[in-house]
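Here's the structure, in structure tokens; my notes come after.
The values are calculated or read from the model by the stated rules, or taken from the named source; none is laboratory data. Predicted model only: the values in this text are computed from it and were never measured. Here the Cβ positions follow ideal geometry from the backbone for every residue, glycine too, while neighbour counts run over all protein chains shown. Remember, those area values only see protein heavy atoms, side chains included, never the ligands or the DNA or RNA. Shrake-Rupley method; radii C 1.70, N 1.55, O 1.52, S 1.80 Å.
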Amino acid sequence: MLKLYNTLSRKKEEFHPIHKDYVGMYCCGPTVYFYAHIGNLRTYIFEDILKRVLLFNGFNVKHVMNITDVGHLTSDADEGEDKMLKGARREGKTVWEIAKFYENAFMNDIKKLNIIEPTIICRATDHINEMIELIKVLEKKNFTYIANGNVYYDITKFPNYGVLARINIEDLQAGARIEVDPNKKNPYDFVLWFTKSKFQEQEMKWPSPWGVGYPGWHIECSAMSMKYLGERFDIHCGGIDHIPIHHTNEIAQSEGAIGHKWVNFWLHGEFLIMDKGKMSKSSGEFLILSVLEQKGYNPLDYRYLCLNTHYRTPLTFTFEALDSARNAFKSLKNKIIEFRGKSESEKYDSQMIDLPIVQKYEADFVDAINDDLNVPKALGILWNVVRDKDLNASEKLYLIMKFDKVFGLNLSDVYEEEIEVPEEILKLVNERQEARKNKDFKKADELRELITLKGYIIDDTKEGIKIRKV
Ligand code: AMP
Ligand code: ZN
């Protein structure tokens, strides 16, 4: 029985899908004004694990993810700069160019992390009509007001406002910050449609019944999730920062419009933090995947690191932790190569199923993943399999490959690679060695980066230098 921690009830609950034939799952996607940082990517890895656990349990999953390419201000409330405009100014490009470039970069990142592509990926800018229609319904039902050209959601009209975050309207009013949009009746009201804002040069604009303008950030997720998953669906996810504002406002919009419960399960991933605190793009303290690659890490080393911490526990990123993850992952891959050498056949599947010891491991694994995705425990079980003297190599491979359906570490592709290193790379490697000998570490690092850019990674091991493909 699969149990998931539901933010709505603050409890682990048994999961039963609404529809017999699929689970509907909506995950808030990236705002494509810059590269995703590795904190963002931790959330997508968590969502991928959730999806894989659902698949492992035999469910079909209809996974919808949006791409925010309009409307998201640097604060999740309606303050700060427009994120897309900020990106465009920074790079001297149009907002459309920025959106396209960073959407591609994001798709590359998730591919490298072996995240299964969502069933449907939907851009906010392709769904302006759906958003307008939804705002019209909210307007008709009296949830909105217009002030100084913008359409606002009046949170006092929605009695359940704040249930997800366990906040109530009185507390919100008492704790209101001083600097708020003077058009708002209540500081926590939020914009559904902007026609006037401080961003006069805003390029992305559409006609609407309220004038030419653009949507607020929250409306896109309500409109697109209901378009693709219906007015009631199973699971909605995101990072924990979305609980108090974005998801709270999504509920107000959707349930206000449809008049009944919208989503059964809300799941939220804890943050990746740096030694110095939160990893965020606005604070400038963040790392992106390609920087890890330039430093010689495989993106799956980072995935392995994330698997080691439960999704509801904060994870502090350090390079020491990433090194340990890489080493553990490397030993695992070496073990697989060793087992392949010892295993009589690759046809381990059907022969193993009835063995009690194999069944016991499978049952323990399922118990772990079905207990609110206890992947760290499941990883421990994997290592017990690797070390178990009562299992032969074929049995181990059978279990490892089965478990990897959830871990997503691409273990079936692990073979000892006899790679042929081109002359050009060898020359660079030698130059780097020379630079290191001369204690010119800057040059050595530059050469290592160049080698990585050319598709090869060098590892300095006790046995000497090892070269492998990126
Ligand atoms: P954004 O692109 O800012 O809309 O964020 C994309 C996703 O990353 C959202 O689900 C956020 O909740 C999540 N997120 C943001 N910062 C972090 C972090 N430091 N650690 C983990 N997830 C994060
Ligand atoms: Zn969203």
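Structure notes:
Yes or no, residue by residue, for (1) modelled with pLDDT under 95; (2) open to solvent by 30 Å² or more (accessible area, probe 1.4 Å):
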{"site": "Thr43", "(1), (2)": "no, no"}
{"site": "Phe46", "(1), (2)": "no, no"}
{"site": "Leu50", "(1), (2)": "no, no"}
{"site": "Val61", "(1), (2)": "no, no"}
{"site": "Val64", "(1), (2)": "no, no"}
{"site": "Glu79", "(1), (2)": "yes, yes"}
{"site": "Asp82", "(1), (2)": "yes, no"}
{"site": "Leu85", "(1), (2)": "yes, no"}
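- Residue that is surrounded by the most Cβ atoms within 10 Å (Cβ to Cβ), among those in segment 152-162 that are without any contact (Cβ under 8 Å) to a residue 40 or more places away in the chain and of a type outside the set (D, E, K, R): Thr156
- Number of positions in segment 2-32 that are in contact with a Lys or Arg (Cβ under 6 Å, 6 or more places away or on another chain), closer than 19 Å to Lys62 by Cα and crowded, with 20+ Cβ neighbours inside 10 Å: 1
- Subset of segment 96-145 [among the hydrophobic types (A, V, I, L, M, F, W, C), open to solvent by 30 Å² or more (accessible area, probe 1.4 Å) and in contact with a helix residue (DSSP H, G or I) (Cβ under 9 Å, 6 or more places away or on another chain)]: Trp96, Phe101, Ile116, Ile120, Ile121, Val137
- Residue within segment 445-458 that is farther than 23 Å from Asp323 by Cα and modelled with pLDDT of 85 or more present: no
- Asn183 vs. criteria open to solvent by 20 Å² or more (accessible area, probe 1.4 Å), at positive phi and not in a helix (DSSP H, G or I): no
- Scanning segment 105-151 for residues that are in a helix (DSSP H, G or I), touching a residue at least 60 places away in the same chain (Cβ under 8 Å) and either among the aromatic types (Phe, Trp, Tyr) or within 30 Å of Asp413 (Cβ to Cβ) (or both) gives Ala105, Phe106, Asp109, Ile110, Lys112.
- Close contacts from segment 424-438, counting a first residue that is without any contact (Cβ under 8 Å) to a residue 60 or more places away in the chain and open to solvent by 70 Å² or more (accessible area, probe 1.4 Å) and a second that is among the aromatic types (Phe, Trp, Tyr) and assigned to a helix (DSSP H, G or I), with Cβ to Cβ under 6 Å and a gap of 6+ residues or different chains, come to none at all.
- Segments classed as helices (runs of 4 or more DSSP H), wholly inside segment 225-328, with at least 2 members that are within 16 Å of ligand 2 (Cβ to nearest atom) and in contact with a Gly (Cβ under 7 Å, 6 or more places away or on another chain): none
- Segment 300-315, subset within 15 Å of Asp48 (Cα to Cα) and hydrophobic (A, V, I, L, M, F, W, C), residue surrounded by the fewest Cβ atoms within 10 Å (Cβ to Cβ): Leu300
- Residue in segment 1-33 that is farthest from ligand 2 (Cβ to nearest atom), counting only those that are outside the structural domain of Ile240 (by TED's automatic domain parsing) and in contact with a helix residue (DSSP H, G or I) (Cβ under 7 Å, 6 or more places away or on another chain): Met1
- Residue that is near ligand 2 (Cβ under 10 Å from one of its atoms) and either of a type outside the set (Phe, Trp, Tyr) or open to solvent by 10 Å² or more (accessible area, probe 1.4 Å) (or both), where the choices are Trp217, Trp210, Trp206: Trp217
- Residue list for segment 156-183, filter: over 29 Å from the mean Cα position of the chain (by Cα) and at pLDDT 90 or above: Thr156, Lys157, Phe158, Pro159
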